1. Among the strands (runs of 3 or more DSSP E) confined wholly to the range 31-136, which include 1 or more residues that are crowded, with 16+ Cβ neighbours inside 10 Å and touching a Cys at 6+ places or on another chain (Cβ under 6 Å)?
2. Can you confirm whether the range 260-267 contains a residue that is assigned to a loop (DSSP other than H, G, I, E, B) and either within 16 Å of the ligand (Cβ to nearest atom) or out of contact with any Ser or Thr (no Cβ under 6 Å at 6 or more places or on another chain) (or both)?
3. Being open to solvent by less than 30 Å² (accessible area, probe 1.4 Å), part of a strand (DSSP E or B) and more than 24 Å from ILE153 (Cβ to Cβ), is that true of even one residue in the range 705-716?
4. Within the range 227-235, can one find any residue that is surrounded by fewer than 24 Cβ atoms within 10 Å (Cβ to Cβ) and part of a loop (DSSP other than H, G, I, E, B)?
5. Within the range 410-420, is there a residue that is under 18 Å from GLN473 (Cα atoms) and surrounded by fewer than 20 Cβ atoms within 10 Å (Cβ to Cβ)?
6. Which of the residues spanning the range 320-334 are out of contact with any Ser or Thr (no Cβ under 9 Å at 6 or more places or on another chain) and not aliphatic (A, V, I, L, M)?
7. Quick one: count up the residues across the range 213-226 that are surrounded by 24 or more Cβ atoms within 10 Å (Cβ to Cβ) and either small (Gly, Ala, Ser) or within 16 Å of the ligand (Cβ to nearest atom) (or both).
8. Exactly one of (1) within 16 Å of the ligand (Cβ to nearest atom); (2) more than 27 Å from the chain's Cα centre (by Cα) is unmet by MET340. Its number?
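The values are calculated or read from the model by the stated rules, or taken from the named source; none is laboratory data. Keep in mind the model is a prediction, meaning the values are calculated, not measured. Note that each Cβ is placed from the backbone with ideal geometry, even for glycine, and that neighbours are counted across all protein chains shown. All accessible areas refer to the heavy atoms of the entire protein, side chains included, with ligands and DNA or RNA removed. Shrake-Rupley method; radii C 1.70, N 1.55, O 1.52, S 1.80 Å.
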Amino acid sequence: MLYAAAAAILLSACGSSETPNRKPAIPSDADLEARVEKTLSSMTLDQKVGQMLELQIDGLGGWDNDGKFRLDPAKTDTLLVKYQVGSVLNCPGHALSPEDWNEVIGEVQRISMERIGIPTLYGIDQNHGASYTLGATFFPQNINVAATFDPQIAFRAGEITAYETRACGGPWTYCPTLDLARDPRWPRFWENYGEDALMNAVMGVAATRGMQGDDPNHVDCNHIAVSIKHYLGYGLPFSGKDRTPAFISPADLKEKHFAPFKAAILSGGALTVMVNSGSVNGTPVHASHEFLTEWLKEGLNWDGMIVTDWADINNLWKREKVARDKKEAICMAINAGIDMCMEPYNADFCTLLKELVLEGKVPQSRVDDAVRRILRVKYRLGLFDTPMTLAQDYPNFGSAGFAEFALRGAEESEVLLKNENSLLPLKQGTRILVTGPNANSMRTLNGGWSYTWQGDADRYAGEYNTIFEALQQKFGASNVKYEPGVTYKSGGAWWEENAPSIRQAVAAAGNVDVIVACVGENSYCETPGNLDDLNLSANQKDLVKALSTTGKPIVLILNEGRPRLVNDIEPLVRAVVDVMLPGNYGGDALANLLAGDANFSAKLPFTYPRHINSLSTYDYKASERTATMEGAYDYSADVKVQWPFGFGLSYTTFSYSDLKVDKPQFSASDSLSFSVNVTNTGDVAGKEAVMLFTSDLVASLVPDNRRLRAFRKVALAPGETKIVTLTIAASDLSFVNAKGDWTLEPGDFRAQIGTQVVNLTLQ
Ligand code: BGC
């Protein structure tokens, strides 16, 4: 079966039915299965438990004086070869050229083929391109990709990422990330496609297909296997801190958090899954038979492989305290359904798992099942026949065409949030002061997972333009000056700033026409990115406040992985652009947009909060919005946000009219087509993301205020009208009820596209 990339399928990827999938999620290939069984039947228990282990590359070698990472024969003998380890991961510290990657992965592969007899499965985090490769094409991070509202961008970025990963010799990535970004305090907010389940599903399917190609049983040498992550419920830690417990209602877990994973498997053919490091409702996901085996493997009838996250079997006893020791932790995790253990520096997993099998605590059949799944991925990737791919066969690596696409993706991902009295676009000849700690940094444009784990792009991305450099090129060096006012501490923790020099910045504003203040965050990643205060830093706010006293118009550029609170400085500025983390071409994209050479078309894929005590998502429960009550009670619980989900301005305007639904009275098996006229009412061409929301007006569980059901981005010339039709299944309006079952209750629904509303009724 082929996995066609039709947008219609992408948009229906997030079906709501949770009945066990009867058809295999990924169709079985008889020849391939025969090869898997033949290999499996020849393996000893030692070989099998070895295949289930994954080691970190820097435990197998070191950096030589010539600046090259090389495997150490003693370490490879005593770890990789002795335990017949099945997988190796990651980057040895910082970015390598594709040729150096070929040497590193090639050597692991040579040893695996010659001395273990089974190819290794080398895995790398390729979050927004081949993240750890010099000269690779870096796209905007996923939060930006979501803001484009265009799944084709996720698809094509996935294709290019796969191609450039193969140039390095890598066949497997731990991407795309499909956690829902529903809490802006969480440091991994930006690695996902925003707060909405459908958006994550649609983008997740597109990215999966882009990376894996059309046929998951035969992934060719231009594609790689994905590992969708972090299954399940990772994105909503109660404390806001990474890897801390999440408490998520059973209904939300099934209805929202599971949806992107289900879609990426059923509609994208995702071959592997990585597990949430933390716990959900008290159960660490690595120990959950229900989530790993019942929901994923059995429920979806999916024959893919589940890998742990970093050291997370160890965490079952060291951090989560649900096991007494490592052996008990391994027993729990493997019996729950884990197939591969990302250890990452030690091979005693193999010894302990073997003991558990011999003691009858882990069934041999479970080990066979895990190894079958691991071998299947290796066969599906063609690794037994073609264990290595080489840079010389990938001439388009880092090509101008790829760069052009990344630039377009960045332009479509930067969100215009305010443009009072049309301050933007800026005319040629405008004299500009560029200021703020994010004005002249490649590190801040890229965020984490860029050249190094924490994102040290300033060291490696000198050939690309910072915002300041791009504005100089666009408006002329003599018109654009730079005085940062606030700077990040080089070599410090990501949040540390130097003593500010705000007075110099204010003085520099004296003879300019406009101030472009670039604020936000420095790069960070995972737990080190934890945060105690969602407010933008005091220095940065002080900078904007001081600049506002000059009376010069300010364009506020937000360059940040999560929405930092700006409610006190927003009224002081005339324009706001949230560029989030647009990647290496983000500065050029912004310059094109600020000059009006490109038009803004991005929309927020999350709710931008106004106050720390009012964190919310667009699909909050209807009962959260309580108007002032009359009588004895007089309180207000209105949801106050800075900018809502789906908000974003353009240099043109759009109007909506004539929303119709083909079946105002419908039955549960119907499909529903909504059509609306969208008109470009301004003077310039633009693109509009047309979104269909629905609300269940009365339901047996408090209904969500509204839910995104479909979206499509359309291009419109000035004055042009297009009829946009969005079709969904009536069953997409179902929800998970108090018993945990999907249900579609008779009654009234409201649908909304733009300003238009229509009611419909399920008989
Ligand atoms: C992260 C994963 C990543 C893995 C391997 C973990 O710390 O949580 O997202 O894929 O490391 O680098």
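1. Working: elements: 53-56, 61-63, 69-71, 87-89, 121-124.
Here the list reads 53-56.
2. Within the range 260-267, the subset assigned to a loop (DSSP other than H, G, I, E, B) is 267.
Still in the running and either within 16 Å of the ligand (Cβ to nearest atom) or out of contact with any Ser or Thr (no Cβ under 6 Å at 6 or more places or on another chain) (or both): 267.
Yes, that holds for at least one residue.
3. No, the conditions are met nowhere in the range 705-716.
4. no
5. From the range 410-420, those under 18 Å from GLN473 (Cα atoms) are 410-411; that's our starting set.
Now narrow it down to the ones that are surrounded by fewer than 20 Cβ atoms within 10 Å (Cβ to Cβ): none.
Among the residues of the range 410-420, not one is under 18 Å from GLN473 (Cα atoms) and surrounded by fewer than 20 Cβ atoms within 10 Å (Cβ to Cβ), which makes the answer no.
6. Pass one, the range 320-334, residues out of contact with any Ser or Thr (no Cβ under 9 Å at 6 or more places or on another chain): 321, 323-332, 334.
Result: LYS321, ARG324, ASP325, LYS326, LYS327, GLU328, CYS331.
7. Residues of the range 213-226 surrounded by 24 or more Cβ atoms within 10 Å (Cβ to Cβ): 216, 219, 223-226.
Among the residues that remain, those that are also either small (Gly, Ala, Ser) or within 16 Å of the ligand (Cβ to nearest atom) (or both) are: 224-226.
Here the count works out to 3.
8. (2)
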